[in-house]
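One structure is given below, encoded as structure tokens.
No value in this document is a laboratory result; all are computed from the given coordinates. Remember, predicted model here, so these are calculated numbers, not experimental data. Counting neighbours? That spans all protein chains shown, and the Cβs are built from the backbone with ideal geometry, glycine included.
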Amino acid sequence: MADPLPLNTPGAPGPRHRDAIEQIKQALGDKGWSQDPSVLAPLLVDTRDYYHGKAAILARPETTEQVAEVLKICHEAGIPVTPQGGNTSRVGSATPDESGAQVLLSLARMNRVLEIDPVDYTMTVEAGCVLQDVQNKAAAADRLFPLSLGAEGSCMIGGNIASNAGGINVLRYGNTRDLVLGLEVVTADGQIWNGLRRLRKDNTGYDLKHLFIGSEGTLGVITKAVLKLFPLPKEKATALCALRDLDACLELLTRARAASGDALSSFELLAGITLNFAYRHIDTAKRALGEEYDWQVLLEFSGLEAGDMMNQAMETLLEQAFEDGLVIDAVIAQSEQQRADIWFLREAIVEAQLKEGASIKHDVSVPVSRVPEFIRRSNAALEEMIEGVRPYPFGHVGDGNIHYNVSPPVGASDAEFVAWKERINETVHRITADLEGSISAEHGVGQLKRDELPLYKSALELEMMRKVKQALDPIGLMNPGKVLKDG
Ligand code: 2HG
Ligand code: ZN
């Protein structure tokens, strides 16, 4: 086994590296690799255009055996590997470094759904399946795969698992971690671990799949998964309501869970300023409530029986909340089109914020009960720092995960604002930590939050993480530079 190439070292790699790249080409056949700059270019930059990398080759294996072959070759030659799915990471997890030495390993050709078992309520898939395809195939079998997020049309299930993706249904069904029963993984030295179990109960020692889930490709390459399915909901009730104030969201959340028999599947916070971004920048975003309100919530019940039980429960909930002054305005979707329009507003925010200009983003979680306190304290601290600054919190308040994003004061230059980034991050993250929260609730660590991690995790926790990394990837070839600084 060779020493690894020095990481982050630009410059032409030597003959051993070149031989290994030739071996990879042979192992994968003509369709299985590319060095064409126009093919590689879009895969070497992240979705937010923060990180730009280079790669010696794009490897596009079609089978697990080919993935194993590539990793074996890389391990022998000491070549680092960046695994990539749909390239939708928000923290630079799937972008290689700038050395040009790395192999970019795309799972995109491994996109088969291998089995759906309606009795076991499971689905076995390859890592390169696009999330929306997984959802659609499950639905065609009258089952639900509940993971749902903005990038579902292009993100891939392997990446969802590697990043433990969250999204809009976590409240009811959990994160990706809760939706995986088994995994097949290729280890850093190119061995295939078949952990494709479909068991609901298995207490035979350490549950190794959980090490790979959320590891952002730093421990091995996920090639297949057994996913957990659920009964397909037969009735949905979707509403957008304006709240008396921010605190009202907690009371409404508690009532909504009870009123629906715990069928509440989404509970998303939309600050008025955030919705205004959508109305201003996205032509097709239709105003759902007549007036501008400071705090709005999108909530959805998913019932398992056809009929109008969920809609009735929603009506009763909102009528009562209205009478008690918790809710000051509301609309319940009366058609599939209206439901889609309401959800479109939530999704439009993500694009609208880009059009609004510079934004400094935070993907934090705090205990649900402390969300209003978190928002209030962060708003006050930032306003004290920069007069007129525009925080626009939104997101998964039902599970305590707020995208606390921040725009510059009206008229301020983007460049001047971005210079405040570190101080703003520190302020928001300190408040998060103070409220016993997490600085990365669903987007992961990647490159973006790697250097901040030591500020918020104990030395012992980081040491245990390093030991896991060392055990599974002793020479540090798996997605180096992500999650752990020296990993
Ligand atoms: C969402 O919930 C995504 O829409 C993106 O996690 C959040 O753009 C963001 O900050
Ligand atoms: Zn989110």
Would you please classify the overall shape of the range 174-222 from the alpha carbon gyration tensor, given that a ≥ b ≥ c denote the square roots of the eigenvalues, rounded means a/c under 1.5, and beyond that prolate means a/b larger than b/c while oblate covers the rest?
-> oblate
Order by neighbour count: Thr316, Thr88, fewest other Cβ atoms within 10 Å first, most last.
-> Thr316, Thr88
Inter-site label distance for Asp245 and Ser154 at 7 Å from Cα along Cβ, in nm | 4.2
Filter the cross-link list Lys361/Lys421; Lys361/Lys449; Lys355/Lys449 down to pairs whose alpha-carbon distance in this structure exceeds 19 Å.
-> Lys355/Lys449
For Lys72, the aspartates and glutamates lying under 12 Å Cα to Cα, once residues fewer than eight places off in the same chain are dropped, come out as Asp189
Within the range 101-256, how many Lys pairs sit with Cα atoms under 22 Å apart, leaving out pairs fewer than 8 places apart on the same chain?
-> 10
Net charge near Leu264: determine it from the other residues with C-beta under 12 Å of the C-beta of Leu264, scoring Lys and Arg +1 and Asp and Glu -1.
-> 0
Cα principal axis extents for the chain, largest first, Å | 74, 57, 44
Relative contact order (%) - the chain, alpha-carbon pairs under 8 angstrom, separation at least six = 15
Using the Kirkwood radius over Cα pairs of the range 225-367, the Stokes-Einstein translational diffusion coefficient at 20 °C and 1.002 mPa s, in µm²/s and rounded to a whole number, is 133
Degrees between helix 459-472 axis and first principal axis of the chain (Cα, 0 to 90, nearest 10) | 50
Principal axis box of the range 191-289, alpha-carbon based, largest edge first, Å | 55, 36, 29
Ranked list, fewest to most other Cβ atoms within 10 Å of each Cβ, for Val226, Val468, Val67 | Val468, Val226, Val67
Whole-Å distance linking the alpha carbon centroid of the range 119-156 with that of the range 272-289 is 30
Mean ellipticity per residue at 222 nm, deg cm²/dmol - from DSSP H runs of n ≥ 4 across the chain, formula -39500 (n - 2.57) = -10000 deg cm²/dmol
Exposure proxy check on Val364, Val410, Val130: fewest-to-most Cβ neighbours within 10 Å is Val410, Val130, Val364
